[in-house]
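The values are calculated or read from the model by the stated rules, or taken from the named source; none is laboratory data. Fair warning: this is a prediction, and the values are worked out from it, not measured in the lab. Heads up, the Cβs are rebuilt from the backbone with ideal geometry, glycines too, and the neighbour counts pull from every protein chain shown. Areas reflect the complete protein model, heavy atoms only, side chains present, ligands, DNA and RNA absent. Shrake-Rupley method; radii C 1.70, N 1.55, O 1.52, S 1.80 Å.
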Amino acid sequence: TNAHVVAGETDTQVQVDGVGPGHDARTLVFDPDNDIAVLRVSGLGLRPLSIAAKPVSGTATAILGYPLDGAFDAEPGRLGQTETVDTQDAYGQGHVLRTITALRGKVRPGNSGGPMVDGRGQVDATVFAALTGTPRAGGFAVPDKLVRAAVARAERQTATVPTGHCAN
């Protein structure tokens, strides 16, 4: 997920399919500069989605999430260019030099931390923001290279890490 999604939380829970009882989630990686958080949920009994090895700009995807605190939603999307930019961190503070991937497709509040999944069911990027002030539907995502590195760090991590202060 994104760091801004769990920032300041001490009792994060995950629901299967967005319904039912919550499962306790431990934060193993919290990276506000790249807006990445990796959670471990014991006893969930589900396989994680695989991460694409080398996603290509132009790849058709589905933008998955629970926008506007509603039901599960899948919207068509397209992976854009990945570039390094001078921008802000998960708290809206900058200057942070970070790598981001542009995307086309409908991104709404609640899509943050959700995957962009390609036709093979692999995650190509992780959504973190929508375009604003333009009629064009799109946004930005954390590229898989950064997500893969964060997951590798989490696999070596045993202790829960703090999630900083609330991002709002």
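Tell me, which strands (runs of 3 or more DSSP E) lie completely within segment 24-125 with 1 or more residues that are over 19 Å from Ala152 (Cβ atoms)? Give the derivation first.
Numbers: elements: 26-31, 36-40, 60-65, 73-88, 94-105, 115-117.
So the answer is 60-65, 73-88, 94-105, 115-117.
Only one of Gly114, Gly139, Gly110 is open to solvent by 20 Å² or more (accessible area, probe 1.4 Å) and within 26 Å of Ala71 (Cβ to Cβ). Can you tell me which? Explain how you work it out, then say what you get.
Numbers: Gly114 fails: open to solvent by 20 Å² or more (accessible area, probe 1.4 Å); Gly139 fails: open to solvent by 20 Å² or more (accessible area, probe 1.4 Å).
Among Gly114, Gly139, Gly110, only Gly110 is open to solvent by 20 Å² or more (accessible area, probe 1.4 Å) and within 26 Å of Ala71 (Cβ to Cβ).
Residues in segment 68-97 that are touching a residue at least 40 places away in the same chain (Cβ under 8 Å) and buried (at least 21 other Cβ atoms within 10 Å of the Cβ): how many?
Residues in segment 68-97 being touching a residue at least 40 places away in the same chain (Cβ under 8 Å) and buried (at least 21 other Cβ atoms within 10 Å of the Cβ): 2 in total.
Yes/no matrix, rows are residues, columns are (1) modelled with pLDDT under 95; (2) over 12 Å from the mean Cα position of the chain (by Cα):
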site: Gly80; (1), (2): no, yes
site: Val96; (1), (2): yes, yes
site: Ile100; (1), (2): no, no
site: Pro109; (1), (2): yes, yes
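Just give me the residues in segment 7-36 being open to solvent by less than 30 Å² (accessible area, probe 1.4 Å) and either without any contact (Cβ under 8 Å) to a residue 60 or more places away in the chain or farther than 13 Å from Tyr91 by Cβ (or both), in sequence order.
Passing the criteria: Thr12, Ala25, Thr27, Leu28, Val29, Ile36.
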